[in-house]
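Worksheet for the structure shown next.
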Amino acid sequence: MDIGEILRTERQKRELSIAEVEEATKIRAKYLLALEEENFQGIPGEAYRMGFLRNYARFLEIDPGPLLDQYKSQKKDEQSASSIIDEQTEIEERTEISRQQLEPARFFAEKRKVFWGLIIFAVLIFSIAFAYYNSLEKEKTPATPPVSQNQESEPQKEKPPAAEEKEDKIVIELAGKQRCWARVTVDGSIAFEGELNSGETKKFEAKDSIRVRLGNAGGVDVIYNGTKQPPLGESGAVVEKEYTKSI
């Protein structure tokens, strides 16, 4: 049986609706339907696909291992077929590009020579002008008058250092390692809800509390007031945690 058929059959056997599964697993209904219809492209990100498949299977008390292996095998077959097409297309494109760029390459080589010649000339002119005006400024600068022995130099008064303002707030930074859906509630109001991509960082500040909900807990680093926190969960796990001043 296919992956989707296994999931759908087991769900129907338990007389569960998609809405009931969504409420229990916190996986959105459209992603549950995508798994049952094997529309894996409708789920954003490889980590989400495998995480949702694992969690859905566990909820239905199905061993997720064989389903994950079957999914990986299907994906590998699709990638193999796609790579053959891509390779043929790339060869054709390289041949066409090589033919079209032969003459322009010679033209741009000459243009580069002219460009660098102008750069060197401009730097030379600037250096000469700078040295000339610098010498004029030195001639205009008056000599420092000698200080009389009777003159007493007044001690410099040091300004007292400004008192550091104590910060009394919560600062949370989310640093994406994998694509992850996230919702951040700052002092009771939703400040962000959407996708956090790999390499992307978002910062939030609050007076009392910040609640973080992650759809892929293992794909995000959480930094609380400058200190990196332990992972909230595994990849694909849906986790929610609240941060307050007492943490």
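Only residues that are surrounded by fewer than 16 Cβ atoms within 10 Å (Cβ to Cβ) and farther than 20 Å from V238 by Cβ were counted across segment 200-215, and they come to 5. Pairs linking a residue in segment 43-54 that is in the same structural domain as A24 (by TED's automatic domain parsing) and under 15 Å from Q70 (Cα atoms) to a residue that is charged (D, E, K, R) and not in a helix (DSSP H, G or I), with Cβ atoms under 6 Å and 6 or more positions apart or on different chains, do not occur.
For segment 152-175, indicate whether the set of residues that are small (G, A, S), at pLDDT 85 or above and not in a helix (DSSP H, G or I) is non-empty. Within segment 152-175, one or more residues are small (G, A, S), at pLDDT 85 or above and not in a helix (DSSP H, G or I). In the set (1) part of a helix (DSSP H, G or I); (2) of a type outside the set (D, E, K, R); (3) in contact (Cβ under 8 Å) with a residue 24 or more places away in the chain, the condition left unmet by T9 is number (3). Residue check: is R54 of a type in the set (D, E, K, R), at pLDDT 90 or above and touching a Pro at 6+ places or on another chain (Cβ under 7 Å)? Yes, satisfied. I'd like to know if segment 56-64 contains one or more residues that are under 20 Å from A182 (Cα atoms) and assigned to a helix (DSSP H, G or I). Checked against the condition, which is being under 20 Å from A182 (Cα atoms) and assigned to a helix (DSSP H, G or I), segment 56-64 yields at least one hit.
The values are calculated or read from the model by the stated rules, or taken from the named source; none is laboratory data. Keep in mind that what you see is a predicted model, and the values were worked out from it rather than measured. No Cβ is skipped: glycine too gets one built from the backbone with ideal geometry, and neighbour counts run over all protein chains shown.
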